[in-house]
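What follows is one structure encoded as structure tokens, with my remarks underneath.
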Amino acid sequence: MRQLAATINRMPVNTWRRLDVNEAELVMRGPDKKPGAGGANIQASGQIQIRQNFEGLDFGEDAAKLFVPAEMGAFIDEHTNRRHFIRIPNDHTEQEPIVLAMRLNGENQVLVDDVVIEAGEGSNAAVILHYTSENGVPAYHCGRTRLIVHRNARVKLVKVQMLGSEAAHADAIGGHVQEGAQLDVIIAELGAARPLSGCNLVLDGEGAGAGLDVVYLGDGRRSLDMSYRVEHRGRATVSDICAKGILLERSKKVFRDTLDFVRGASGSKGREEESVLMLSPEVRNISVPLLLCGEDDVEGEHAMTSGRPDERILFYLMSRGINELAAKKLLAQAAFSSIIEKIPDAAVRNEILGTVHKSIERGG
Amino acid sequence: MEKQKTRVDDINRERFDFRDADKSGYKTGKGLTADIVTEISKMKNEPAWMLKHRLRSLEIYHRTPLPAWGPPLGKLNMDEIVTYVKPDTGLKSDWNEVPEYIKNTFERLGIPKAERESLAGVGAQYDSEVVYHNIRRELLSQGVIYTDMETAVQEHEDIVKELFMKLVPPQDHKFAALHGAVWSGGSYVYVPEGVRLAIPLQSYFRLNAPGAGQFEHTLIVVEKGASVHFIEGCSAPKYNVLNLHAGCVELYVREGATLRYSTIENWSKNMMNLNTKRALVEKNATIEWISGTFGSNTTMLYPSSILKGEGARSTFTGITFAGNGQHLDTGAKVVHAAPNTSSTVSSRSISKDGGIAVYRSVINILQNASESKSSIVCESLMMDSVSRSDTIPVMDIRNDRVDIGHEAKIGRISDAAIFYLMTRGLPEEEAKAMIVRGFVEPIAKELPLEYAVEMNRLISLELEGTIG
Amino acid sequence: MPKNLLSIKNLCASVDGKRILNGVNMEICPGEVHVLMGPNGAGKSTLANVVMGDPRYRVDAGAVFFEGEDITGEKPDTRARRGMFLSFQAPEEIPGITVENFLRAAKAAYSGEDVKLLPFRKELRAKMSELEMEPSYAARYLNVGFSGGEKKKNEILQMAVLNPKLAILDETDSGLDIDAVKTISESVHRYKNETNAVLIITHITRILQRLPADYIHIMSDGRIVRTSDASLIEEISRGGFASVLG
């Protein structure tokens, strides 16, 4: 068994050290044994190539450098016990989402997964990675998902983390988006004790687009550490980062989101937005929204709001007979719904809402 | 079709860029040693506790590393900086007694004229020492004190000892420690309970000696229900060697008091401006920061407000204009440490010709700060693609009963806005100039009239259409 | 003798330390239509909101009774479940909750029973068509992107679905065109019967065309300064409030 200790979720630029937001420390356990890579439970049509190795894959490493530091990358290379290379052929549209369900239990306590998704030119697909663990099992998850979205392709990646409240979880996503292509990433961080989540998307080609939607839930003493970034390299690229969070009980979160306009990305537009619903006096809510800009012909925007549910809205809902708890649930659902609606799987959507309702009932 | 780029000229600094021959009466050698620090203290005939404070600060300075964030400071070599330059005059309260060449300098900067017309009191510092201080007689009779820091150490020792570098302790960061060791000059202001000054006080800091440092200390106490507007101006001629400014401002705003602190900083482009300003704001009191950063090679400046009393308020209005060769890292810090406190931050920046403008801030809402409000709006204008503009805010919220909003925007002059103005008959250049002026307007309107005029002159806009 | 539906006794209330209501008294019995009029700033909307339990206002003195029970300290949802309803002057926009989901949740809370999806959807469609609302509105987020008129219709739709014992309509008719006022007025008329009551806060009298008023109250400076029968309306439309305030 190997232990990984690494500094991750580093900010692209530092600020006051005493604020303790410049980076996060990761400690992760390696798997005891290496079971054969799974893959039996992947739902996909025959058109999709799924392999358990990365042979012949030409993948520039720079996409994930920022949020997958060398130590973590080496750890994953060495200890992966699930490896999937999913290739969507050129011009193929996969109708149903490709779903990978990963469940950790007493026999499989440690998961180190490494997924590569390559979307051929003009292809279109959605991939859902869904992580759960049996209650009471000390589960460890460390994962990496890399995407190459070729010209004019459209990919939606949904990553839902619903591990048990004791689980360890560290996850990194890196993506390259080429000319005219669109990559939408939806991240739901709903479980684990101290989830560390990073995503770094690079808009390489002219007209490339990225959407990054995040929902996160803090309950109990969960401490979330998230770092997301979109880099605009190509001309006329468009990005939209939207995060909705709910913090309950004694939870804590650090949320860093960065729009980085590199010189030459003329005509590009980016928007980041975070809204946080704080439902307990003991939560701690840290936001670090960065706008980095080396090009004049761009539009970058950020907005952040935070606080308790609006009293007028609560009054409006309650004046229709809905009690306070139910009204809060409705508002939590409302906060998440614009993002959850984009998940192309009703079961996953319901599971997320169910988790939110349960945790508000406990801690709201 | 290539888009046309707007040209906005550099701020016109000619008015400030004249130098006097170095006629200093005394200066220390270059570099920084306990001997030099002891020497400065002796020259000033300071009490023992102040010398002790200086030596302790020097120790802290030596063991504190440079900040691991922000603009590069490697080019600053303390061994090359002369920390203390005493002009060949003592403190006067009549301009006619000030040596002719120094008086001329301040005449050219318009200080005596402003004093006659619109100020309640004036302090003028030349290199390391204050050479002129005067206050209108009626304020003296109301108990208002406005003098240089050295005099305050001698004549108001109790209060200075109690408050000096308590808000900004030498441990705060490397340049606070440096300041603690070699501070010289600056202003002390005391406004007694209930006294409300209708017109502002102004201190002007001029650094003339090449390769020197200026380390003035400003300590202001505004007692219960009192109010005052304090203006700080700074400039220096340009030299080929680096100069250093590491001032420190400590403001105590007591219950129900109001303090407006305005700064127009226009250092020359060889200045490293590493300044620290902090205000402690008590119950129902208000601090208003107005901050214009135009000059310097490098600036790190984040006025901070500690809202300690219930209902305390802070507003920050800032503009930063970074031109060629400048790296201006500015912003604000607010700590909400009591219920019902409120803060607003409104920041604008312009970057051009390779200039780097960084907005950096932290808003801290502590657990007991229920029903507090904070609103941050920050806008950056990029004039070309060789410049940079970064926005680095942190919000740390530990109470749920608060209302926090943050908005930031980055971009260039909007084509649609130019078009709209042009459809109303304005030529393109005029339309662009109007938009840039409009961009800085929220700051300009907060300044006293003569300073607003000054800023308009600073941003002298010479616009020409060039094929990009 | 029928028990009073709503009974307001010497109600005083303030917001942010500023007194708005200065001792309001009012009695509303089942079957009645009351109209509350008065100049801007008289406290009409405040009265409606305080009666419904808006937490932003503080009740300084007095009490509100509903069907004989003191509800002064009750939360708004408890009041709603007793059968009280307020049509808001400026209804909140709530992104993320559809009109249909919201109304079903409210109906379940109101009635204390499960509301089956299909029959409810049918009922909702019928009520919407009575209000000349496009069926697609059911799937839209609550009031988000609705015009002023659409928001008001949506309030009346909620009233029709929830079927309260007492409906307070706070300027539901203001800012609407003649057709929309007529549609809303007809809907209120359909709802109105011998066991329920309506309190209409209004500036104009068009909404009363299908709804004869039993009592007109004139409010000024946080007090009811005059109560009369419907004839008072004509007096006001001739001479303005000045004529009835004396």
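Descriptive notes on the structure:
- Residues in the range C:1-48 that are more than 23 Å from C:S237 (Cα to Cα), polar (S, T, N, Q) and in contact with an Asp or Glu (Cβ under 8 Å, 6 or more places away or on another chain): C:N4, C:S7, C:S14, C:N22.
- Of the helices (runs of 4 or more DSSP H) entirely within the range A:298-364, those holding at least 1 residues that are in contact with a strand residue (DSSP E or B) (Cβ under 8 Å, 6 or more places away or on another chain), facing chain C (nearest Cβ under 9 Å) and polar (S, T, N, Q) occupy A:324-340.
- Taking the criterion of being farther than 13 Å from C:E155 by Cα, modelled with pLDDT under 90 and assigned to a loop (DSSP other than H, G, I, E, B), the residues of the range C:84-139 that qualify are C:G112, C:E113, C:D114, C:V115, C:K116.
- Checking each residue in the range B:79-88 for being under 13 Å from B:N208 (Cβ atoms) and open to solvent by less than 70 Å² (accessible area, probe 1.4 Å) picks out B:V82, B:V85, B:K86, B:P87.
- In summary, strands (runs of 3 or more DSSP E) completely within the range C:165-237 and bearing 2 or more residues that are of a type in the set (D, E, K, R) and open to solvent by 60 Å² or more (accessible area, probe 1.4 Å) occur at C:223-228.
- Complete set of residues in the range C:33-59 that are surrounded by 21 or more Cβ atoms within 10 Å (Cβ to Cβ) and under 14 Å from C:I8 (Cβ atoms): C:H34, C:L36, C:G43, C:K44, C:T46, C:L47, C:A48, C:N49, C:V50, C:V51, C:M52, C:G53
- Within the range B:386-407, the set of residues being of a type in the set (A, V, I, L, M), surrounded by 21 or more Cβ atoms within 10 Å (Cβ to Cβ) and either more than 7 Å from every other protein chain (Cβ to nearest Cβ) or over 24 Å from the mean Cα position of the chain (by Cα) (or both) comprises B:I397, B:V402, B:I404.
- Selection within the range A:101-110 - open to solvent by 10 Å² or more (accessible area, probe 1.4 Å) and either of a type in the set (D, E) or assigned to a strand (DSSP E or B) (or both): A:A101, A:R103, A:E107, A:V110
- The single condition among (1) more than 7 Å from chain A (Cβ to nearest Cβ); (2) charged (D, E, K, R); (3) under 21 Å from C:A197 (Cα atoms) that C:R58 does not meet is (3).
- The range B:61-78 residues that are among the polar types (S, T, N, Q), paired with ones that are part of a helix (DSSP H, G or I) (beta carbon under 7 Å, 6 or more apart): B:T64/B:K174; B:T64/B:A177
- Residues within the range A:280-294 that are part of a loop (DSSP other than H, G, I, E, B), at the interface with another protein chain (Cβ under 7 Å from one of its Cβ atoms) and either touching a Leu at 6+ places or on another chain (Cβ under 9 Å) or open to solvent by 10 Å² or more (accessible area, probe 1.4 Å) (or both), tallied: 3
- Residues that are buried (at least 19 other Cβ atoms within 10 Å of the Cβ) and either facing chain A (nearest Cβ under 9 Å) or assigned to a strand (DSSP E or B) (or both), drawn from the range B:368-378: B:S372, B:S374, B:I376, B:C378
- Residues satisfying the stated conditions in the range A:90-100, i.e. surrounded by fewer than 16 Cβ atoms within 10 Å (Cβ to Cβ) and either within 13 Å of A:I48 (Cβ to Cβ) or modelled with pLDDT under 90 (or both): A:N90, A:T93, A:Q95, A:E96
- Condition check for B:E162: part of a helix (DSSP H, G or I) and over 25 Å from B:K30 (Cα atoms): yes
- Cβ-Cβ under 6 Å pairs, at least 6 apart or on other chains, the range C:73-99 side facing chain A (nearest Cβ under 7 Å) and without any contact (Cβ under 8 Å) to a residue 60 or more places away in the chain, far side surrounded by 21 or more Cβ atoms within 10 Å (Cβ to Cβ) and in a strand (DSSP E or B): C:I94/C:L142; C:I97/C:L142
- Selection count, the range C:120-151, where residues are closer than 22 Å to C:A48 by Cα and more than 14 Å from chain A (Cβ to nearest Cβ): 3
- Tally, over the range B:112-138, of residues that are within 14 Å of B:G233 (Cβ to Cβ) and without any contact (Cβ under 8 Å) to a residue 40 or more places away in the chain: 2
For (1) open to solvent by 20 Å² or more (accessible area, probe 1.4 Å); (2) among the hydrophobic types (A, V, I, L, M, F, W, C), each residue gets a yes or a no:
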position	(1), (2)
B:N77	yes, no
B:L91	yes, yes
B:D94	yes, no
B:Y101	yes, no
B:G110	yes, no
B:L119	no, yes
B:G123	no, no
B:V130	no, yes
B:R136	yes, no
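- Per-region count, the range C:1-32, residues part of a loop (DSSP other than H, G, I, E, B) and crowded, with 23+ Cβ neighbours inside 10 Å: 1
- Single unsatisfied condition, B:T64 versus (1) in contact with a His (Cβ under 8 Å, 6 or more places away or on another chain); (2) open to solvent by 60 Å² or more (accessible area, probe 1.4 Å): (2)
- Single match in A:R256, A:R250, A:R271, A:R229 (criterion: touching a Phe, Trp or Tyr at 6+ places or on another chain (Cβ under 8 Å), open to solvent by 10 Å² or more (accessible area, probe 1.4 Å) and not polar (S, T, N, Q)): A:R229
- A:L190 being touching a residue at least 40 places away in the same chain (Cβ under 8 Å), out of contact with any Asp or Glu (no Cβ under 8 Å at 6 or more places or on another chain) and within 20 Å of A:V158 (Cβ to Cβ): yes
- Residue check, B:L109 closer than 19 Å to B:I231 by Cβ and either under 23 Å from the mean Cα position of the chain (by Cα) or touching a residue at least 40 places away in the same chain (Cβ under 8 Å) (or both): yes
The values are calculated or read from the model by the stated rules, or taken from the named source; none is laboratory data. Since this is a predicted model, take the numbers as computed values, not measurements. Ideal geometry is used to build each Cβ from the backbone, glycine not excepted, and the neighbour counts take in all protein chains shown. Side chains are part of the model used for accessible areas, which takes the heavy atoms of the whole protein and leaves out ligands, DNA and RNA. Shrake-Rupley method; radii C 1.70, N 1.55, O 1.52, S 1.80 Å.
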